[in-house]
Amino acid sequence: MSLCKYPSMRKLVAIGIFAIIALAIASLQLVEKKKEDFNPSTAVREYEILNCSNFGDYRNYYRFDERSKTLYAFVTVNCGSDEILVEKGEKIKIVERDYDGELLRCLCQKEVRIYNVSETQVEFVNLGNESIKLEKETNGFCGISTFAECEEDADCKIGGCSGQVCMGLKQEIFTTCEYRDCYDHVKFGMSCKCVNNRCQWI
């Protein structure tokens, strides 16, 4: 069948072709407009990791701001670790990662800000793949544990400039030398012991 014999058919085909072209052009313009409207500086952020601070509390805990729906987690990491990742699900998991094996003999504290969340369980997984449940900030004891492997209490020792670190006998961990009342393990009745084959304050 030749379209030449049916002028109305030719007209319909032509209109259809023009409509398809016009729709394609409109779609491209919409995509470009969305690209222009996107501004990375104002985009909603899932979380951010602040720089390592040598003047933190050297402990793992969190605060939650109900008004802004922001969770502030504070985790003690190796100064040489490469990355901190956050996984959001039924609970929030903060994971410390190292890729090059170039770790340092010092600890520091990082603040992790997680946006648009409800208060929930927070877990920190350190380089030793130890899972630590973060407690909500309290005014009690604030020493930290390295969870080094051990077989008995004699395999663990107290270290850090202010005696705030429970570590393995063979570990050498350096901290800054500010003193905080919450480091006093005697006052809070805490002991550095081997519990479930890990050195920790109890």
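Residues of segment 90-109 being under 16 Å from ILE132 (Cα atoms) and among the basic types (Lys, Arg), which ones?
LYS91, LYS93, ARG97
Scan segment 184-202 and report the pairs whose first residue is touching a residue at least 12 places away in the same chain (Cβ under 8 Å) and under 15 Å from VAL165 (Cα atoms) and whose second residue is surrounded by 12 or more Cβ atoms within 10 Å (Cβ to Cβ) and among the basic types (Lys, Arg), with Cβ atoms within less than 6 Å and a gap of 6+ or a chain change.
So the pair list comes out as ILE202/LYS193.
Within segment 150-193, work out how many residues are in contact with a helix residue (DSSP H, G or I) (Cβ under 9 Å, 6 or more places away or on another chain) and not hydrophobic (A, V, I, L, M, F, W, C).
Number of matching residues: 9.
For segment 137-168, enumerate the residues that are crowded, with 16+ Cβ neighbours inside 10 Å, of a type outside the set (A, V, I, L, M) and in contact (Cβ under 8 Å) with a residue 60 or more places away in the chain.
Of everything in segment 137-168, those that are crowded, with 16+ Cβ neighbours inside 10 Å, of a type outside the set (A, V, I, L, M) and in contact (Cβ under 8 Å) with a residue 60 or more places away in the chain turn out to be PHE141, CYS142, GLY143, GLY160, GLN164.
Among the residues of segment 136-178, which ones are among the aromatic types (Phe, Trp, Tyr) and assigned to a strand (DSSP E or B)?
Once the filter is applied, which keeps residues that are among the aromatic types (Phe, Trp, Tyr) and assigned to a strand (DSSP E or B), segment 136-178 yields only PHE174.
In segment 170-180, which residues are surrounded by 14 or more Cβ atoms within 10 Å (Cβ to Cβ) and without any contact (Cβ under 8 Å) to a residue 40 or more places away in the chain?
Listed by number, the list holds a single entry, GLN171.
Going by the conditions given, is GLU119 among the acidic types (Asp, Glu) and assigned to a loop (DSSP other than H, G, I, E, B)?
When the stated conditions are applied, GLU119 passes them.
Anything in segment 122-135 that is among the hydrophobic types (A, V, I, L, M, F, W, C) and either under 19 Å from ASP65 (Cβ atoms) or part of a strand (DSSP E or B) (or both)? List them, or say none.
VAL122, PHE124, VAL125, ILE132, LEU134
Filter segment 98-133 down to residues that are hydroxyl-bearing (Ser, Thr, Tyr) and either outside the structural domain of ASP82 (by TED's automatic domain parsing) or at pLDDT below 90 (or both) and give me whichever is farthest from CYS79 (Cα to Cα).
SER118
Would you check which residues across segment 85-107 are within 15 Å of the chain's Cα centre (by Cα) and surrounded by 20 or more Cβ atoms within 10 Å (Cβ to Cβ) and list them?
If the condition is that a residue be within 15 Å of the chain's Cα centre (by Cα) and surrounded by 20 or more Cβ atoms within 10 Å (Cβ to Cβ), then ILE92, ILE94, GLU96 are the ones that fit.
Would you pick out the residues in segment 66-97 that are touching a Ser or Thr at 6+ places or on another chain (Cβ under 6 Å) and not in a strand (DSSP E or B)?
The answer is LYS91, and nothing else.
Consider TYR183 against the criteria (1) farther than 12 Å from TRP201 by Cα; (2) surrounded by 16 or more Cβ atoms within 10 Å (Cβ to Cβ): it satisfies all of them except one. Which criterion is unmet?
TYR183 satisfies every listed condition except (1).
Which one of these does PHE188 not meet: (1) out of contact with any Cys (no Cβ under 7 Å at 6 or more places or on another chain); (2) outside any loop (DSSP other than H, G, I, E, B); (3) modelled with pLDDT under 85?
(2)
The values are calculated or read from the model by the stated rules, or taken from the named source; none is laboratory data. What you see is a predicted model; the values in this text were computed from it and never measured. As a convention, Cβ positions derive from the backbone with ideal geometry for all residues, glycine included, and neighbour counts pool all protein chains shown.
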